[in-house]
Each structure stands twice: as C-alpha cells, then as structure tokens.
1. Kindly express, to the nearest 10 degrees and within the range 0 to 90, the angle between helix 236-252's C-alpha long axis and the longest C-alpha principal axis of the chain.
2. Which ³J(HN,Hα) values, rounded to whole Hz and listed in residue order, are derived for the range 324-331 from phi using the Karplus coefficients 6.51, -1.76 and 1.60 in 6.51 cos²θ - 1.76 cosθ + 1.60 with θ = phi - 60°, glycine and proline given as x?
3. Starting from 0.36 nm per residue, how many nanometres of slack lie between Ser29 and Glu73 once their C-alpha separation is accounted for?
4. If you restrict to DSSP beta bridges whose two residues both lie in the chain, what percentage is antiparallel, to the nearest 5?
5. Among all the lysines, which ones have a C-alpha under 24 Å from Lys411's C-alpha, if same-chain residues fewer than 8 places away are not counted?
6. Would you mind computing, in nm to one decimal, how far apart the modelled labels at Asp187 and Asp423 are, each placed 7 Å from Cα along Cα→Cβ?
7. Any chance you could run the full-extension gain for Arg508 through Lys411? It's 0.36 nm times the residue separation minus the Cα-Cα distance, nm to one decimal.
8. May I ask you to evaluate 6.51 cos²θ - 1.76 cosθ + 1.60, the Karplus curve with θ = phi - 60°, for each residue of the range 132-142 and list the ³J(HN,Hα) values in order in whole Hz, giving x for glycine and proline?
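Read-outs: derived from the displayed coordinates by stated rules, not from any lab. Remember, it's a predicted structure, so these values are computed and weren't measured experimentally. Note that each Cβ is placed from the backbone with ideal geometry, even for glycine, and that neighbours are counted across all protein chains shown.
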Amino acid sequence: MSKQDSSMQAPAPVGFAKGLTNYGDREFSVYLRRTFASSMGYSREMLDRPIVGIAHSASGFNNCHRHFPEMIEAVKRGVLAAGGLPIEFPTISLGETFLTPTSLKFRNLMSMDVEEMTRAQPMDSVVLLGGCDKTVPAQLMGAASADIPAIQLVAGPMSTSRHRGERLGACTDCRRFWAKFRAQEIDANEIDKVERRLASTAGTCAVMGTASTMAIIAETLGMMPANSAACPAVDADRLRIAEETGRIAFDLIGKPIRPSEIITAQSVENALRVLLAIGGSTNAVIHLTAIAGRLGIQVDLNRLNALSESTPVLVNLKPTGEHYMEDLYAAGGVPAILREIKDLLHLDCRTVTGETLGDRLHDVSWVDHAVVKPRAEPVRETGGLVALFGNLAPRGAILKRSAANPDLFEKEGRAVVFASLEDLAHRIDSDDLDVTADDFLVLQNAGPTSDAAMPEAGYLPIPAKLARAGVKDMVRMSDARMSGTAYGTIVLHITPDAASGGPLALVRNGDRIRLSVAHRTLELLVPEAELERRRAALPVRAEVTAKRGYAQLYEREILQADEGCDFRFLKP
Ligand code: FES
C-alpha cells in the first residue's frame, strides 16, 4: 500500500483512542486506556463512541452552581441520545463572593485549567458549563485558546424573592438595602431578614450584573444555543436547554465549527453592540477584551465609544431599570433584543449550531415591550457605557452612564484621595473626613497590578456623614472594577493603574479634576511640571514581590485593563 493510500484510509482517532499517553506502542496505549476506562463500567459499545466532555465548575464554594448535578444529567441525556459518550470533569470554580483578594485574580488560572484539560484529555467536543461572573469568560478564554469544538451552557439566573411585599433580587437590591442600613433608615433586625431573602434559589445574580451580561454576550457571540442566556436556573426549560446543548455538542464533532470560527471581529462587535443595548456590566469590557484577545482580536475603546453613540439601551432591567432576568426570559429573551437592533448587527456571523445569527431571529413571535423596549422608545437613546480618555487615563477608563446621574456628567471637583482600600476603610466614615457632595472621591492602588488585584471596589461608599445627610451619589473614580449590579456616577478601570505608576498615582488631596462625559474626557488639572515632580518622587516598586507560586506568576504576567487583564504569556 502506498503511503498516500494508507493516510487516506486511516480514520482520525476518536473518543478514548485519541490523545494517548505515549509508551512507544500505540496499540498498547489504547489497550491500557480501555482497561482503565472499563473499570468505570462502560460497555465496549460506549468505549467506542466519540466523547463529549462536560467541563463544569460545580463547587461547594459556588452557590450559583448548586443545581449543576441535574443540569449535567440533562446534558448527558442529550449526548447519549445523539450517539456520544458524555464524560463530565470538574475544573476550578470561581464563586464570586468566596474568593480573596478577588475572583478576577483567578480567572486566568481557571482559563488555563479549561484550556489544558480540554486539550490533554480525550474528548471530541466539549460543553462548558459555568455561570458565575468569572467562570464564563474563563471558559471561553480557555476554549478559544484550545480551539476544540465547544459550546457554552450557563447556570441561568436566580429567581426573585419577596420582602414585605417588595420584590428582591441579588444583588442590586443588596446594595440598595445596605445603603438604607448605612443611612440608618432600617435597623439591624430588618437587614438580617433581608439578607436571608436576597438570594434564595440556585442560579446567577438576578439582575443585569456581570453573570447575566456574560451569558448574553456568549449567546450573541454564537457560542450558546438561541434564547438560552436568560432562562431561569430553576425553570424546566433550563434542563431542556442543557439536553439540547448535549445534542449540539455531539453534532459539532467533525465539523469545522470551532471557537475561532465563531469568535471573530464581527461577532465581537455584535457582542459590544449588545453589551451597550442591555446596559450591561462594565466588567464585560474586560472579559470580552480578554476572550477576543486570545484569538488576536483587539477591542478598541474608541470603537466602543463610536458604537455607543448609535446603540440605544433597550433593556429595562436592574440596576439601570426596573425588571429582573426572569422577566427578560418571559419577554422574549436575547433574540428579542437582537431583533430590535438587527440593522446594527453582522447577521451573517456563524453560531455553534451552524445557523447564522440572523437565522435565530425568525422565531421571535412576541415581545414584552415593558422589558425589551421598542427601538422607537428606548430606555436611553445611546449606549450604556462610554470610555473616557485624558491625562488621568491615557489608555482609557470606563463609565456606565446608564447607571449614573447625568447631573454629574459635566463637572469639576476637588479630589479626596484614598491611597488604598485599607485607607478607604479606615477613613471613609470618619466624621473628620474633609468632604462635601461636590468633591470627587479618588481611590488609588486597586488596579490589576496592585496587591488588591482589581476588586469590585470601585463602588466607593458615600461617606457616612454625607449618606446620613441624604447624599445618594457623587463622582467616584478608581482603577478598580465595579459589580455589574451596582450603580452611581463611577469611573472605573483607569488605565494604566496607580500601582504600575499610572497618572492616578499622582493625584493628591485638593487637586482639581474635570470630568466631561460629553467630551469623553477625564483630566487632572495639575501642571505637567508638578506631575513630573510627583512622578519622580513615587516609591520605586519591586518588579515582583510574591515569593512563589501563582501569586508570583500573576505579578509577573498580568496585563492592564485595556488588554483584558489577561496574562502576557497566554496571548496568541
Ligand atoms: Fe454568582 Fe452573582 S454571585 S453570579
């Protein structure tokens, strides 16, 4: 047999026969693997099937994923019915509120886990089952780098609860009630009761926070089944979606539909459009930048500004509106949003099912316009987010204008500076703090290269004495992030960050700062010569201070927010 004949006849190995450990004898490797796989009770018929891996992030430290066992069963049902062998495996989980210093610090670690385990273990396609804020971007980053056929499945949002007749959903209402408690409008007994009602089912935060935003972005990118992002975690539809996901994952095997075919410059632009139209989380800018960056696609903040001018906010969900994610599902879900802005989208982008994004809009038959506004009556005429530039943020900063107070958009103020989160905690509620509602609160050293590792601390509390006086909002700015469930006139992700010696590190108490949302500017009104003097006086920072392990890797490799806070060595 000629060499050409032999290569034509040898089918590519599938299932347990692929990705073998090399002992120098291929047949022995197959035999040995089957021997050990057989110990799990698989029949020979099952051992010969293509494998659909199910990478999931269930954990006792992740309340949002507590229903994953039944979702995994439903995925398996779909894979088995289609003719594959489903095999689940755990990866790192990132429960948003259970990690210190912050979940973002470990997103890249999880992405490495997903990338390496989907590549190293024998699977022909993979279902990525996640949901809590950082898990979806971590899974998509890993899948983009591994580039094996992959489909995303999310936990789905929590259902709302009630307190004294009022509807509650984590975690916009968490912040609202905590602000009431700080202002002494409610007592300790009531906040205790509210604490037990805010998050009462499985699933991700019930509002348009980061988890919901990332689920919608994953659907818009084409990495999930149509109309799957908003379905509640506890709805029977969620299990049907899981089963369908299993079938689609099997159908992907052998097809040229890899993440790199789906996540393209056009689909990333679609995702940015939708992020703006939903008034989505500021965190999504970082995550989308990191996901796209794994495939060499750059997210340009100037382009974000251009898109923001021509994209209306259409979704009336908290924290910028009134409703919750379960209402979005009942209102028509993501396809209803996409249909409303279809003239702004690249409809020919391919999705994981093989259909185009445009194909997915044909089934939209009814939309609740109280939740998804018609184009002619938007929640806002322009997009939810804008990027700001200036001598205080040469590489950009983000403001969620849809969650901010327009009265504060064109304003000059006096800086009240906190040098760190510890300094903030120590002084913010002091009656001696020299602060008025017209000042700008400035937090330094909470960016990606700081020891704090860019926590969601950008939602600086209103100083207690101002809160008691009825102040609800004031201009606040930092190199930190903000929860997607929060609101206020808050400038985030100032880049480069203070810990790396960015201009934010040069701000001093009493400096004047000018914010102009109309001009997209953030300027520190201090003469350049004085800034130069302050820059020269900054303490010299050791390149790497962590002695070992992941902390050292993080310090050495972390990139700034405008590069998605990815690791330098994980870029393509
Ligand atoms: Fe998991 Fe909010 S805590 S999504």
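1. Once rounded, one gets 60 degrees.
2. Coupling constants for the range 324-331: 10, 4, 4, 6, 5, 5, 5, 7 Hz.
3. Numbers: separation 44, 0.36 × 44 = 15.84 nm, distance 3.00 nm.
Result: 12.8 nm gained on full extension.
4. Values: 23 of 51 bridges.
Here the share of antiparallel DSSP bridges comes out near 45 percent.
5. Lys400, Lys465, Lys472
6. 3.9
7. On the way: separation 97, 0.36 × 97 = 34.92 nm, distance 1.82 nm.
Extending this stretch completely gives an extra 33.1 nm.
8. 3J(HN,Hα) across the range 132-142, in whole Hz: 5, 2, 8, 5, 5, x, 4, 5, 5, 4, x.
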